[in-house]
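Notes to accompany the following structure.
All of the numbers you see were taken from the coordinates with simple rules; none came from a lab. The structure displayed is predicted, hence computed values, not measured ones. Glycine gets a Cβ as well: all are built from the backbone with ideal geometry, and neighbour counts include every protein chain shown.
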């Protein structure tokens, strides 16, 4: 029996608890509020705000219909006053109702709602005063309370409109404002006292226990057993070129020269000097040398012949003169 009552006591808070964590009901008004304003805080804001807003619109439509219907009647007759009086009164109520509904819907401070409510009450008093004065004391007839009624209604309307403008501005500022240090909630002392404290020895013991199975080097990197590569050098390979102390200069050579160098490295063959010129190049050079010698010999023979002719050798100048004089 005791166990049963203990079980019921444990289950009771979960079944009867209600609070702000409960999700609001899913209906068109809440969906409309989330779409255009945000997440609702209280149910009163949703139902009362939308009730005043849409109720004011409906009242305004009815007032417009009565005004048009009364205008079709003959002026200053009983049917005319019967329709125009409610039309004026409902029209005066519709505007404050719509504006007050907007203030109630917006997530603003309570003083804005109080100001709008005070303005709506003043407008409601002006409407009651109008129904008392209409039609006998209205618009130049009787005592004519037109001016006091209009002034009273204007004061209430200014309060409603002013509170609505302030609410809209505050909502926009709150929407785009970035959180500052003042918005951070301080930590309560009870929570700080409930926190567990650890000594340095306990912290070091936990670190040693966690690192006991890890083998680290001085660099903080875990050791790894890797395989090392080892090369076996052939004994027949000539390694004399590997121990040179002087710098080697590499030049671009042909394939034959590189093959010859490899053979000399492996088998110890002697290096031989090679020429880059071919047989055809050498033959062409010999031919050009022979032609130059023939041309030089021909020039020498022509030069000797001209000298002999000038000095009288052979058929010279003096021989031709003797023959002309008949001395021969």
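The table that follows gives values for the structure above.
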quantity: Gyration tensor (Cα) of segment 67-106, equivalent ellipsoid semi-axes in angstrom; calculated: 31, 7, 5
quantity: Tensor-based shape of segment 50-168 (alpha-carbon gyration tensor, a/c under 1.5 rounded, otherwise prolate or oblate); calculated: oblate
quantity: Highest-first arrangement of 197-207, 106-116, where packing means the average Cβ count within 10 Å; calculated: 106-116, 197-207
quantity: Packing-based order for 157-169, 291-303, using average beta carbon neighbours within 10 Å, highest first; calculated: 157-169, 291-303
